[in-house]
Amino acid sequence: MSSNADIYHEMIVDYSRHPSNFGKIENPTIHYHDSNPLCGDSIDIYMSVDSDKVSDIKFSGRGCAICLACTSVLTEIVKGKTIEDARKIQKNDVLGELGLEHLQAVRIKCALLSLKVLKYGLYSYLASKDANADALKQEASSLY
Amino acid sequence: MQTTISVEQIRKDFPILQRKVRKDKNLVYLDNAATTQKPIQVINAITDFYTNHNSNIHRAVHALAEEATEAYEMTRDKIAKFLNIKDRQEIVFVRGTTEAINLVAYAWGRQNIREGDIIVTTEYEHHSNIVPWQLLTQEKKGKLEYIAIDDNGELILDQLDQYLATGKVKLVAVSQMSNVLGTITDVATIISKCKKAGVRVLIDGAQSVPHMKVDMEALGCDFFAFSGHKMLGPTGVGVLWAKKELLEQMAPFHGGGDMIREVHKYETTWNDLPYKFEAGTPNIADVIGFAAAIDYLNNIGMDYVRAHEIEITKYALDKLSQINGIKLYGTSDMSKRGGVISFNFADIHPHDLATIIDEDGIAIRSGHHCAQVLMEKLDIAATSRASFYIYNTKDEVDVLINSLSRAARLFKL
């Protein structure tokens with residue numbers, strides 16, 4: 001079993017210093033914000049949607065290395081995907097990229113905050129368009 | 001005389017300090033501002049209660065009820081003596097500091113705060129000394145004002161004068177020691193200013209009572225709140241102390257058993273103090289356990305506690321300040337500071353730092369410490385916080401320092 005400190009490998013540390021897709025989008029199609037009340041991680045995700053595709057995605061906010069690395073990876077995965085594919089993203093798609101599948105329970109919320117924000121953001125976009133949008137809300141609220 | 005006390009001796013009384021964490025690491029417990037560990041004397045007192053004396057209190061006449069009642073009430077007497085409180089009826093048992101402050105906000109505040117009234121607190125308060133006043137002032141259309149802190153993390157008391165000059169201040173609620181910066185508040189000055197202005201003062205003593213001598217008679221505030229679990233006692237026990245005249249005027253907080261004198265279908269009269277504020281079966285076992293904690297602290301002496309913490313905090317501040325990239329918060333004047341050190345380490349987020357050094361068995365706190373107003377003021381998201389108590393050693397500080405250099409390597413500082 002790997003120790004907790006092993007999670008701080010090069011990729012995580014690099015992403016925390018140089019996060020991908022960091023910034024804001026003016027007039028985004030979708031904007032959603034959430035935070036973790038106990039630790040203070042705070043993430044905003046902005047997306048531009050063109051013909052059902054996420055043509056651009058950026059994020060801003062503050063967080064620990066785990067949070068920033070996972071948010072970076074998530075935005076890389078989402079960029080260019082259709083809304084339909086973006087909504088199918090699961091937690092292990094993100095955690096797997098960074099070798100964080102066995103992250104300790106108290107830190108999982110750092111890793112999954114951005115996925116929660118993404119799912120809520122997609123829900124807010126689809127709520128009036130898609131009869132099955134509620135499932136996204138369900139998934140978001142039961143992530144951790 | 002207590003000249004023979006040593007930290008090694010004290011550590012033997014704390015079973016948890018003997019255990020290993022993260023496989024084979026000695027536990028280095030530096031999260032004492034959150035809660036302290038419990039000596040065997042406290043653990044035994046609770047076990048003894050449930051093993052030999054368990055009963056409800058105050059009503060039944062059988063032998064167990066008598067023993068339980070006597071032990072429960074003896075804690076009240078010990079607290080009175082510990083804090084130099086003249087009247088034991090002024091001591092109300094609650095769940096903790098948070099409940100004590102909420103009790104005042106509800107039972108005193110709703111009677112006394114009206115539209116336009118001001119409640120003053122400070123920028124370094126714990127959420128428990130902010131949110132109850134937000135709820136109250138929102139309900140009553142009052143106003144909440146903050147005394148700001150300076151670059152040393154000390155209160156700018158001139159601002160209090162300005163608020164008092166408006167003539168609208170009804171209450172000043174301030175902690176005696178910041179749980180983040182460790183700043184010891186000059187409560188004597190605050191209380192004297194407020195007394196002159198005829199303004200009530202509530203002191204949050206959650207961080208002060210465990211760590212230094214507090215004399216309620218000398219202090220002269222109106223309300224005082226603290227928790228047992230931050231001073232070797234069990235969780236779930238705290239105290240509200242208030243002047244008798246205020247407790248008498250205040251409406252009850254909770255209605256139920258034990259707080260009544262007579263109950264009729266449509267009206268009720270209240271029990272005497274302090275029982276008017278102790279509705280329902282209280283936390284009997286833990287109140288009794290708390291007495292053992294007070295005995296323990298009396299035995300080593302609060303002067304020793306304070307002296308030990310000054311020594312270890314000074315040592316830690318000195319070692320930390322030698323590390324490149326460490327940013328320390330709060331004053332370096334130990335006469336104005338308790339055993340709490342908040343810091344940040346270069347660009348390592350406190351949560352990452354806490355996870356890394358946890359591998360070495362070190363327990364520190366990372367986050368906003370329930371003081372988001374202060375975090376906003378300092379313009380940071382979080383800090384790492386090491387906080388000390390009677391059983392911590394300089395060797396443990398060295399373990400922390402070594403572990404920080406491991407974190408530095410991981411983050412290529």
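The values are calculated or read from the model by the stated rules, or taken from the named source; none is laboratory data. Quick caveat, the model's predicted, so the values are computed rather than measured. Positions of Cβ are backbone-derived with ideal geometry, glycine not excepted, and every protein chain shown enters the neighbour counts. Note: accessible area is taken over every heavy atom of the protein model, side chains too, but ligands, DNA and RNA are not part of it. Shrake-Rupley method; radii C 1.70, N 1.55, O 1.52, S 1.80 Å.
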Count of residues meeting criterion [small (G, A, S) and open to solvent by 10 Å² or more (accessible area, probe 1.4 Å)] in region B:387-411: 2
Based on what the data block shows, is B:K20 among the charged types (D, E, K, R) and open to solvent by less than 70 Å² (accessible area, probe 1.4 Å)? no
Listed by first then second residue, the pairs whose first member lies in region B:114-129 and is farther than 16 Å from B:E154 by Cβ, whose partner is among the basic types (K, R) and in a loop (DSSP other than H, G, I, E, B), with beta carbons under 9 Å and at least 6 positions apart or on separate chains, are B:R114/B:K141; B:E115/B:K141; B:G116/B:K141; B:G116/B:K168; B:D117/B:K141; B:D117/B:K168; B:I118/B:K168
List the number of the failed condition for A:H102; all other conditions in (1) within 21 Å of A:K24 (Cβ to Cβ); (2) within 14 Å of another protein chain (Cβ to nearest Cβ); (3) not in a helix (DSSP H, G or I) hold. (1)
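Pick from B:L164, B:L135, B:L160: which is hydrophobic (A, V, I, L, M, F, W, C), more than 18 Å from B:F226 (Cα to Cα) and either under 20 Å from the mean Cα position of the chain (by Cα) or open to solvent by 60 Å² or more (accessible area, probe 1.4 Å) (or both)?
On the way: B:L164 fails: either under 20 Å from the mean Cα position of the chain (by Cα) or open to solvent by 60 Å² or more (accessible area, probe 1.4 Å) (or both); B:L160 fails: either under 20 Å from the mean Cα position of the chain (by Cα) or open to solvent by 60 Å² or more (accessible area, probe 1.4 Å) (or both).
The conditions single out B:L135.
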Helices (runs of 4 or more DSSP H) lying entirely in region B:248-365 (those with 3 or more residues that are within 14 Å of chain A (Cβ to nearest Cβ) and in contact with a Leu (Cβ under 9 Å, 6 or more places away or on another chain)): B:350-358
Residue that is modelled with the highest pLDDT, among those in region A:23-61 that are open to solvent by 40 Å² or more (accessible area, probe 1.4 Å) and within 14 Å of another protein chain (Cβ to nearest Cβ): A:S35
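Okay, residues lined up against (1) of a type in the set (D, E); (2) crowded, with 21+ Cβ neighbours inside 10 Å; (3) modelled with pLDDT under 95:
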position: B:V28; (1), (2), (3): no, yes, no
position: B:A33; (1), (2), (3): no, yes, no
position: B:K38; (1), (2), (3): no, yes, no
position: B:V42; (1), (2), (3): no, yes, no
position: B:T47; (1), (2), (3): no, no, no
position: B:T51; (1), (2), (3): no, no, no
position: B:S55; (1), (2), (3): no, no, no
position: B:H58; (1), (2), (3): no, no, yes
position: B:V61; (1), (2), (3): no, no, yes
Do we have any residue at all in region A:75-83 that's of a type outside the set (K, R), touching a Leu at 6+ places or on another chain (Cβ under 7 Å) and within 14 Å of chain B (Cβ to nearest Cβ)? no
Filtered residues of region B:201-247 (kept if part of a loop (DSSP other than H, G, I, E, B) and surrounded by fewer than 18 Cβ atoms within 10 Å (Cβ to Cβ)): B:K213, B:D215, B:G220, B:T235, B:K243
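Open to solvent by 30 Å² or more (accessible area, probe 1.4 Å), in a helix (DSSP H, G or I) and touching a residue at least 60 places away in the same chain (Cβ under 8 Å): is that true of A:S124 in this structure? Break it down into steps so the answer makes sense when it comes.
Details: open to solvent by 30 Å² or more (accessible area, probe 1.4 Å): yes; in a helix (DSSP H, G or I): yes; touching a residue at least 60 places away in the same chain (Cβ under 8 Å): yes.
It is true that A:S124 is open to solvent by 30 Å² or more (accessible area, probe 1.4 Å), in a helix (DSSP H, G or I) and touching a residue at least 60 places away in the same chain (Cβ under 8 Å).
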Of all residues in region B:98-117, which are open to solvent by less than 10 Å² (accessible area, probe 1.4 Å) and touching a strand residue (DSSP E or B) at 6+ places or on another chain (Cβ under 7 Å)? B:A100, B:I101, B:L103, B:V104, B:I113
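Checking the conditions here, which among A:R87, A:R107 is basic (K, R), open to solvent by less than 40 Å² (accessible area, probe 1.4 Å) and at pLDDT 95 or above?
Working: A:R107 fails: at pLDDT 95 or above.
Of the residues listed, the single one that is basic (K, R), open to solvent by less than 40 Å² (accessible area, probe 1.4 Å) and at pLDDT 95 or above is A:R87.
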Find the residue count for region B:366-386, including only residues that are open to solvent by less than 10 Å² (accessible area, probe 1.4 Å) and either over 19 Å from B:M177 (Cα atoms) or facing chain A (nearest Cβ under 8 Å) (or both). 3
Which residue pairs have Cβ atoms under 7 Å apart, sit 6 or more places apart or on different chains, and have a first residue in region B:395-413 that is more than 10 Å from chain A (Cβ to nearest Cβ) and a second that is assigned to a helix (DSSP H, G or I) and of a type in the set (G, A, S)? B:V397/B:A316
